[in-house]
1. Got a number for residues in segment 348-382 being open to solvent by 10 Å² or more (accessible area, probe 1.4 Å), modelled with pLDDT of 80 or more and over 12 Å from the mean Cα position of the chain (by Cα)?
2. Checking GLU69 against (1) among the charged types (D, E, K, R); (2) in contact (Cβ under 8 Å) with a residue 24 or more places away in the chain; (3) under 27 Å from GLU389 (Cβ atoms), which test does it fail?
3. When the residues of segment 416-467 are filtered to those that are among the acidic types (Asp, Glu) and free of Cβ contacts under 8 Å to residues at least 24 places away in the same chain, which remaining residue is farthest from THR381 (Cα to Cα)?
4. When segment 266-321 is examined, which residues are found to be modelled with pLDDT of 70 or more and of a type in the set (Val, Ile, Thr)?
5. So which residues in segment 323-347 are without any contact (Cβ under 8 Å) to a residue 40 or more places away in the chain and part of a helix (DSSP H, G or I)?
6. Conditions first: (1) at pLDDT below 85; (2) more than 35 Å from the chain's Cα centre (by Cα). ASP82 passes all but one, so which condition is the exception?
7. Anything in segment 428-454 that is in a loop (DSSP other than H, G, I, E, B) and among the aromatic types (Phe, Trp, Tyr)? List them, or say none.
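The values are calculated or read from the model by the stated rules, or taken from the named source; none is laboratory data. Everything numeric here is computed off the predicted structure, so don't read it as measured data. Because the Cβ atoms are built from the backbone with ideal geometry, glycine has one as well, and the counts that use them run over all protein chains shown. Only protein heavy atoms, including side chains, enter the accessible area calculation; ligands, DNA and RNA are left aside. Shrake-Rupley method; radii C 1.70, N 1.55, O 1.52, S 1.80 Å.
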Amino acid sequence: MTPPIPIKHMLKNHLDALQEKDLWTFQWHLVNYKTEGSNHILRSQLENVTREETVDKLVQVYGRDGAVEITVDILYSMTQNDLAGRLFQAKVDLIKEQQSNEPSTSTVREMQRDADSTITKDLSCPTNNKPSITCTPKSLSVSNGGGNHFDPSAGHSNDLKSNQLQTPSKTIRLKREAFEKVKQFCDSSVEYIKRQRHDTEQKIRDEFGKLHQSLKTEEESRIAELKKEENQKIHMMEKITEISRDTFSLSDTVKEMEDLGADDSFIQNFKTEMERAQNALPDPQLLPQALIDVSEHVENLQFRVLETMLSTVKHTPVVLDPNTASPWLSLSDDLTKVTVTDTCQERPGNLERNSSYPHVLGWEGFDSGKHCWEMVVGNQTKWRLGVTERAKDRRDDEMWSTPQNGLYVIMKSKRGYTDVKGKLLTSATRPNKIRIELDYENGTVSFYDADNNTPILTYEETFTQRLYPYFAFVETDDDDNDEGGKRKRKKVDSSGGFIQICESKVSVTVT
């Protein structure tokens, strides 16, 4: 008899390669792993357990070989492809080593079933990029067809032929089902992409239309000022000409009066009045600039127009990413406001989107530097605000909303304000506007009451992943849990529920 395969030791070694938060994710997948005709592991059985205890429970429920298969599947679903590949190869190596000791027919049959089952899963999941393992064991043959098939003895050739026919047929069926789902997704996405292009193009045209109108208004205003100065200068020139003409006429009148022998006293009084009138006129040498001040109108024209436009231009430090928005949320055209809706909207089930949990991410992630943004929260009484790492599969809302997945938020519920672990923030005020400050290099995420600059909560961590602004409405009650610890789902109150990203001050600095 062949000695038992040290499966537990092999599984333990591979789970040791997982970080703590990845181990928790593995355990979450394990709880939700269901197979026909078999028991499954309950959530309560994996609470606060070690890696060794996790392996023990795996082997206890699914057996040694089943534990390996399930572990490989879960690791691939977590995109831990290298680790899953090494575990799969280790299993194959153990089978080859066992075969080299000339195992009994029953043992070989069991190994063949395990290998065929694992390879069938490999072929039915093309997106997992699982490795293709080719084995050349002692006195056994390998098929180069749809899978690897062991031939322990000629007496069982009929069983092998049956397996060789069934395995490719099942693989083709599973592949067809998978591609059919992909085709349905692609077909629905094409129409959605067309609508996205049309709507986005209209938004671009509308925004540029506003800019064009603003520029047109500014252009007309500046041309009107130029024409106004032109009229003033011309009017001034005409007045000067008229005064000069009148002065010459008075001089001629005085000379004519003298020639006619007018009374000297009369002439003297006339000259005195004429000089007084002339003294009241401005000195021609002190008159304002006679020509249009061209430099005043064109000096740094583009820059001054830009300064004027900035008074009407809106800017927010972050904007929302519509491709991550739940169908239960509606975003404003400028992607700065998110509102709860009464009905589920038709949106593709892409990997970036969560189809059930009402949250949305900021479009731009941060992996360096300091960043700050402020938000106003409407009448919604339950929400989460902060930053988070990008999940591998955001459609899984329960896994996505856990602290083990890089979620750093402040939460508002009927209990008050809490951190991500549910700890009540007793010193927190009731802010109308919340400011979030992210310092990536120093590893801090801080929350403030923006109206009075009062600190509320700070997380300290060493960040290794890109962080995205996170906005969510909570649809569960804090104390309503089922027997397994999962929160009961409740409808989000849509009355007055919104989150608005505040505008930032815009200025131009000349260096």
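1. 10
2. GLU69 satisfies all of (1) among the charged types (D, E, K, R); (2) in contact (Cβ under 8 Å) with a residue 24 or more places away in the chain; (3) under 27 Å from GLU389 (Cβ atoms) except (3).
3. My answer is GLU460.
4. Of everything in segment 266-321, those that are modelled with pLDDT of 70 or more and of a type in the set (Val, Ile, Thr) turn out to be THR272, ILE292, VAL294, VAL298, VAL305, THR308, THR312, VAL313, THR316, VAL318, VAL319.
5. ASN323
6. Exception for ASP82: condition (2).
7. Residue satisfying the conditions is TYR440 alone.
To keep it simple, each residue is scored yes or no on (1) open to solvent by less than 40 Å² (accessible area, probe 1.4 Å); (2) part of a helix (DSSP H, G or I).
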site: LYS34; (1), (2): no, no
site: ASN39; (1), (2): no, no
site: SER44; (1), (2): no, yes
site: VAL49; (1), (2): yes, no
site: VAL59; (1), (2): yes, yes
site: ARG64; (1), (2): no, yes
site: GLU69; (1), (2): yes, yes
site: THR79; (1), (2): no, no
site: ALA84; (1), (2): yes, yes
